[in-house]
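Everything below concerns the one structure shown next.
The values are calculated or read from the model by the stated rules, or taken from the named source; none is laboratory data. Please read all numbers here as calculations on a predicted model, not as lab measurements. Positions of Cβ are backbone-derived with ideal geometry, glycine not excepted, and every protein chain shown enters the neighbour counts.
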Amino acid sequence: MTQGLQSQYSGQRVNTQSRWYTLFQKGVELGTWNVEKLFDEIGFEQDRASWAALEPAERDQIRYLLSGFLDGEREVAGDAATNLQRIMQSPCLESNTEKEMYMTMLTLTEHKHTQFLDVYMEEVMDDADNYTDLDPRRGTRIPIVRATGLGEVFEHQGLLTAKAASTRDPIDIAKAATNYHLNVEGILARVGSSAISRFPPRADFPLLNYAFKFISTDEGRHITHGIELLKELLEHERAGEPQYQGVERAIVNTLYQDVPYMADFGYMFTDALDDPLELDFNEVLMRGGNLIDGMYNETLGLDVDYMEVISVVRDRYLEINEWDIEERLAEHEQQYQQKRGVAADGGN
Amino acid sequence: MTRWFPSEEWLEAYQGRLNANEDYIESSDGWGEEFLGSFIFEINGLPLTETTIGELPDELTAPFRTALTEASEARIETLRETAPPALAQRLDEATGEPPRDRLITALFDTAIVNAPDVVSTELRVELPDDLENLLDQLDRYAHDDTVYAYLDLEDGRCNEAAVLEDPDTTTAGFVLSAQYQQWTELIDGADVIEAVMSRDMSLDGDITNVIIYPEAAQEMGDTAGRLETTFLF
């Protein structure tokens, strides 16, 4: 994983030769980009000018895409700070100390991603209500995230990581790590980042693009952590250790559970609003499929049943095609407004 | 005739198998009715430059070698005298052997891509039908190292199957592309959906339509896998 980057030093309580120590060091070195400095250095001007020049439907497309990121980053930051940190202490895992160290870096970077997106949307995309003020971890998602099924993936993440933090069981940890590191970070975030990189020239957002280069690099380390964690669990299972039996099935089943709602994310920022920026739902789906194969089959050596994957995505796609997405969105926006009222008056 | 892949005959047999395959018919019910359901199979990287006539399967070349070995001295002389310039040059280069052996060596060491330049009208008489047919097809259908096959698929039927002489003039809903080796693996039973997911094959077209008909896509691959096939390369 990190050949050539291993520490020249040795400690007593910390294993400096652990791959998680190396990941921690890489996080210290690379993950400390400063969001506010980025704002100062690049500024919002060009991004605001490009935003103002776009058609309303094009703005909505970007607004939806970043809404998915903002709710997702808030969720992963919250779960990293709480549940993942506790999972790293599990006796069924190796290198607990170094994993805990790495988790501080992961948590820091996820909070920075939330920080960037939250401020960016407020500063640049202020021409309409972004519905980003309420906290998704208190039950209020951005309406477009709720109107499609993307929120289901995040709900699943909260449940799986909370359970794994509680039981510290290898099967539960495998499910949580699959959802969090492979499905959310490894597929959703990478597919979304890829869409941002394919914005047409008229959607010129230098600050957004610059930040996403940092965000993608951070996510790359998180995905590596997830892959290595799952490999560790699979090695124990393949060695025949009773406690770990069922890890592989748990990983693959978590994919089958999440993948239809992951496809919703692609739909949400493309075909749900007729794709004026031509981000191409087909491209999104194919990219997602390639990432699934790369992580699950090639890297982890699993045998994903693609007919199962496509069948559940097909069923979901046929379902959402029957929706009146604008009607659903209006319904969730109304609910959001109601919650704002509740939040404003303290719940009275 | 042996079903050589790639060839018109293989594609025709594939069309027949698809239309006789109840599972395919059922799983592709409605396919292409509200969208363009036709496919182009793009077979890239055919080793036409790297492969000589002599390296084609024995089943194809042995009768040709036998015909030349058993031909009279006079016939060999006629073939040498009527040799096209490209073959004449190769004959000049193949020194130190008896005339018959020089002719055989010159012909069998010719790359497939250059076959049309060395096969004279006289020599065609000696070519076995299969070999002549396949060399003709490669000459007509190979665009550099690529062959394009077209399938008109609609509502459980394959209405037309053709190898394309001029692919630029044909429009299809989907283009499935891969290296020749990958196509042979597909025909040997590899999973087409897995091949696309892993980027061993490339699919261009409206993926959302394919998602709705995954069993049809699978059955197309399986049908190819069940067809008795002999690979040309």
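Structural remarks
- For the condition farther than 30 Å from residue B:228 by Cα, surrounded by 13 or more Cβ atoms within 10 Å (Cβ to Cβ), of a type in the set (Gly, Ala, Ser) and out of contact with any Phe, Trp or Tyr (no Cβ under 8 Å at 6 or more places or on another chain), residue B:71 qualifies.
- Residue A:333 being more than 10 Å from every other protein chain (Cβ to nearest Cβ), within 21 Å of residue A:150 (Cα to Cα), loosely packed, with under 14 Cβ neighbours inside 10 Å and not hydrophobic (A, V, I, L, M, F, W, C): no
- Subset of region B:163-184 (residues that are buried (at least 17 other Cβ atoms within 10 Å of the Cβ) and either among the acidic types (Asp, Glu) or in a loop (DSSP other than H, G, I, E, B) (or both)): B:164, B:172, B:173
- Region B:164-210, subset closer than 21 Å to residue B:230 by Cα and of a type in the set (D, E, K, R), residue modelled with the highest pLDDT: B:185
- Region A:285-294: number of residues that are more than 9 Å from every other protein chain (Cβ to nearest Cβ) and among the hydrophobic types (A, V, I, L, M, F, W, C): 1
- Condition broken by residue B:149, with the remaining ones in (1) among the hydrophobic types (A, V, I, L, M, F, W, C); (2) away from chain A (no Cβ under 11 Å); (3) over 18 Å from residue B:44 (Cα atoms) satisfied: (3)
- Helices (runs of 4 or more DSSP H) fully within region A:1-104 counting 1 or more residues that are touching a Ser or Thr at 6+ places or on another chain (Cβ under 9 Å), touching a residue at least 12 places away in the same chain (Cβ under 8 Å) and surrounded by 15 or more Cβ atoms within 10 Å (Cβ to Cβ): A:19-30, A:56-79
- For region B:66-95, a residue qualifies if it is acidic (Asp, Glu) and farther than 19 Å from residue B:128 by Cα, and the qualifying residues are B:73, B:77, B:81, B:92, B:93.
- Some residue of region B:100-112 being farther than 20 Å from residue B:72 by Cβ, under 18 Å from the mean Cα position of the chain (by Cα) and surrounded by fewer than 19 Cβ atoms within 10 Å (Cβ to Cβ): yes
- Lone qualifier among A:275, A:303, A:264, A:293 - being outside any helix (DSSP H, G or I) and under 25 Å from residue A:181 (Cα atoms): A:303
- Subset of region B:28-47 (residues that are of a type outside the set (Val, Ile, Thr) and either buried (at least 19 other Cβ atoms within 10 Å of the Cβ) or free of Cβ contacts under 8 Å to residues at least 40 places away in the same chain (or both)): B:28, B:31, B:32, B:34, B:37, B:38, B:39, B:41, B:42, B:46
- Yes/no for residue A:259 being out of contact with any strand residue (DSSP E or B) (no Cβ under 7 Å at 6 or more places or on another chain), within 14 Å of chain B (Cβ to nearest Cβ), of a type outside the set (Ser, Thr, Tyr) and under 20 Å from residue A:189 (Cβ atoms): yes
- Residue count, region B:193-233 (criterion: among the hydroxyl-bearing types (Ser, Thr, Tyr) and at the interface with chain A (Cβ under 7 Å from one of its Cβ atoms)): 2
- Restricted to region B:132-161, and to residues there that are aliphatic (A, V, I, L, M) and surrounded by 20 or more Cβ atoms within 10 Å (Cβ to Cβ), the residue that is farthest from residue B:213 (Cα to Cα) is B:134.
This table checks each residue for (1) closer than 22 Å to residue A:195 by Cα; (2) surrounded by fewer than 18 Cβ atoms within 10 Å (Cβ to Cβ).
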site	(1), (2)
A:255	yes, no
A:258	yes, no
A:284	yes, no
A:312	no, no
A:325	yes, yes
A:337	no, yes
A:342	no, yes
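- Whichever residue in region A:203-228 is within 17 Å of residue A:66 (Cβ to Cβ) and either among the polar types (S, T, N, Q) or part of a loop (DSSP other than H, G, I, E, B) (or both) and, among such residues, is nearest to the chain's Cα centre (by Cα): A:216
- Hey, residue A:240 in contact with a helix residue (DSSP H, G or I) (Cβ under 8 Å, 6 or more places away or on another chain) and more than 27 Å from residue A:39 (Cα to Cα) or not: no
- With respect to (1) modelled with pLDDT under 95; (2) farther than 17 Å from residue A:215 by Cβ; (3) not acidic (Asp, Glu), the lone exception for residue A:89 is condition (1).
- Against the numbered list (1) surrounded by fewer than 23 Cβ atoms within 10 Å (Cβ to Cβ); (2) free of Cβ contacts under 8 Å to residues at least 40 places away in the same chain, residue A:276 comes up short only at (2).
- Exclusive hit being hydrophobic (A, V, I, L, M, F, W, C) and more than 19 Å from residue B:12 (Cα to Cα), set B:113, B:147, B:175: B:113
- Residue within region B:14-22 that is in contact (Cβ under 8 Å) with a residue 40 or more places away in the chain, surrounded by 17 or more Cβ atoms within 10 Å (Cβ to Cβ), in contact with an Asp or Glu (Cβ under 6 Å, 6 or more places away or on another chain) and closer than 22 Å to residue B:133 by Cβ present: no
- The set of residues in region B:181-192 being closer than 30 Å to residue A:320 by Cβ and more than 9 Å from every other protein chain (Cβ to nearest Cβ) consists of B:192 alone.
- From A:340, A:328, A:316, residue being closer than 17 Å to residue A:60 by Cβ, more than 9 Å from chain B (Cβ to nearest Cβ) and assigned to a helix (DSSP H, G or I): A:328
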